[in-house]
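Data block below; observations after.
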Amino acid sequence: MLRHAVVILAVAVSLTACAAPPTRTLIPVPTSVEGRGRAEFIVTANTKIVVPPGDERVAWIGRYLVDLIGVAAGQDPLRMEVGEGPGPGNINLRLAKLSQAGEEAYELTVAPEGVTIAANQPAGLFYGVQTFRQLLPTFVDYGAVRPDSARVLRAPAAHITDQPRFPWRGAMLDVSRHFFSVDEVKRYIDLMSLYKLNRFHLHLADDQGWRIEIPSWPNLATYGGSTEVGGGPGGYYTQQQLTDLVTYAQQRFIVIVPEIDMPSHTNAALASYAQLNCNNVAPALYTGIEVGFSSLCVDKEITYQFIDDVVRDIATVSPSPYFHIGGDEVKTLAPAQYTKFIERVQTIVRARGKQMVGWDEVAPVRLAPDSIVQHWRPDGSLAPAVKQGVKIIMSPANKAYLDMKYHPDTVLGLSWAAYIDVDDAYTWDPAQISSDVPESAILGVEAPLWSETLADIRDVEFMAFPRLPMIAEIGWSRADSRAWGDFKRRLGAQGPRWTALGINFYRSPLVRWQ
Ligand code: TNX
């Protein structure tokens, strides 16, 4: 009897040593996970995905799951059924009132008899689906039937309850320094959605390129968007294309936050319209990587007409509540000029029905209660913003910037803020960054990716993976559930999934990749 127990124990220990059970490899780590021994759910030819009637967003999530696992199962697409009540052997998505509040919370129950994902709102169902995806074998992520995929689609039995720590879990892509096509941007949105990120900040204008069609000022895009860092052809999104991106993101429960950086970082606009310059002379287009040299003419009335037109034309295709006005790195204005400018722009943005977001230089300005400040300078002072009661997004450049090199030998990226290897990117907490910013003032986290050195989506992926999933976990998971040693192991387990998805990721030697 005793010998038996010892053998069983030894087997159990050696199993844990080989590979963590899939419930122990999730990113972001859920609020609570209870395993159910060796029991598992198996997708069969009879498995149906059951969604409740009357909610198009839920139906969309159902189809998303059908696409994901139907193809991998190598079967005819799984059937999706609209109906109430869980059937045996099925995967059931349902809206319910959970004991945990919040539109992003969910409960996932995987049992031999069936799978249930329940949530208060559709967003929670989408996140439950992403968690379920990570419980399935990696080959679901190939997105095509592979010759060797006559394997069984199984998920370990478990009960998971989960909800995010912060409501703002963002990523920013700089499409100005280098332009990225609509398909490349969709790819980035897809990768964000794997890890439950929910804000996509698009840096749409900077010195090197204006990337969004503005019907009332057409040269901005056609001329101001015609180049990029290094002199390439650049490009811009039409209003229709931005609408397409907004919808694509919305389906994945990601809100797009458009940014037009001003008053500095505006050479592309100044080059497109001479009247925006104090001397009425348009400068040449710019393809270098210096910052801070350009500024709108803050004393001219036409400047504010221009800004109002731009905010209005972007608002037409961007339904999100936010408009990011940049406000960073102004080297040519007096502080009083800067303050006056930001306050007036804040009025314009609000009159167009949007909440203003600005980089942390705007902190000392008189801010509206619903304006948002984005921390980026490691030494930037946030006290004036916190004192005014506004919320802060934490993007400390020496921790959260995805364009920082991993180490001195990284070919891509910059290093002005730090080298950020994978341990440094993970082992920080937003509430410990600044004594001026208590947890109650923090809206969430965001990982900016500036593209001075990044020419295409392959480069973007290399800088974002594995650090983007780290930001996702920092934003989602409870601080006391995070530890580097445990995370490293979970990260290593994502490797085969990223290979399946074709992600060009940095295989840091600090991680044992499976
Ligand atoms: C600082 S972050 C900038 C950007 C650069 C970035 C490069 C911020 C608000 N301004 O203009 O692209 O550094 O890391």
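The values are calculated or read from the model by the stated rules, or taken from the named source; none is laboratory data. Computed from a predicted structure; not experimentally measured. Cβ placement follows ideal geometry from the backbone for every residue including glycine, while neighbour counts extend to all protein chains displayed. These area figures cover heavy atoms from the full protein model, side chains too; ligands, DNA and RNA do not enter into them. Shrake-Rupley method; radii C 1.70, N 1.55, O 1.52, S 1.80 Å.
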Point to revise | Flagged links, alpha-carbon separation over 28 Å, of Lys300/Lys331; Lys186/Lys340; Lys354/Lys387; Lys340/Lys405; Lys196/Lys354; Lys399/Lys488 | key: Lys186/Lys340; Lys340/Lys405
**Study point:** For the chain: relative contact order, % (alpha-carbon pairs under 8 angstrom, 6 or more apart)
**Key:** 14 percent
Practice item. Indicate the gyration tensor shape class of the range 29-74 (rounded, prolate or oblate), computed on the Cα atoms with a ≥ b ≥ c the square roots of the eigenvalues: a/c under 1.5 is rounded; otherwise a/b larger than b/c is prolate and the rest oblate. Key: oblate
Check your understanding: With every protein chain left in place, what is the accessible area per residue of the chain in square angstrom, probe 1.4 Å?
Key -> 39 Å²
Exercise for review: Would you mind checking which residues have amide H under 5 Å from Ala447's amide H? H placed 1.01 Å from N; only 5 or more apart, or other chain.
Suggested key: Gly170, Ala171, Met172
Study note, to complete from the structure: Amide H proximity to Val291 below 5 Å, modelled H, separation 5+ or other chain, gives none
Point to revise | Helical contribution to [θ] at 222 nm, DSSP H n ≥ 4, -39,500 (n - 2.57), averaged over the chain, rounded to 500 | key: -10000 deg cm²/dmol
Practice item. Give the longest segment of the chain that steers clear of GluC sites (Glu not before Pro) in DSSP loops with at most 16 neighbouring Cβ atoms within 10 Å, not counting the sites themselves. Key: 330-514
Exercise for review: Express in nm, to one decimal, how much length is gained between Ala479 and Ala315 on full extension, taking 0.36 nm for each residue of separation and deducting their alpha carbon distance.
Suggested key: 55.4 nm
Practice item. Post the alpha-carbon centroid distance, the range 321-346 to the range 419-459, in whole angstrom. Key: 23 Å
Point to revise | C-alpha long axis of helix 335-351 to longest principal axis of the chain, angle in ° | key: 60 degrees
Check your understanding: Counting only protein heavy atoms, what percent of the accessible surface of the chain is carbon or sulfur at a 1.4 Å probe?
Key -> 55 percent
Review point. Taking the Cα atoms only, what angle lies between the long axis of helix 2-18 and the longest principal axis of the chain, rounded to 10 degrees?
Key: 30 degrees
Review point. Taking only C-alpha pairs under 8 Å that are 6+ residues apart, what is the relative contact order of the range 184-295 in percent?
Key: 32 percent
Point to revise | Accessible area in the full protein assembly, largest first, 1.4 Å probe, for Lys196, Lys300 | key: Lys300, Lys196
Review point. If you average over every viewing direction, what projected area does the convex hull of the Cα atoms of the chain give, in nm²?
Key: 25.8 nm²
Point to revise | Pairwise centroid distance, computed over Cα atoms, of the range 152-166 with the range 354-373, Å | key: 37 Å
Study note, to complete from the structure: In degrees, nearest 10, the alpha-carbon axis of helix 467-476 is tilted away from the dominant principal axis of the alpha carbons of the chain by 80 degrees
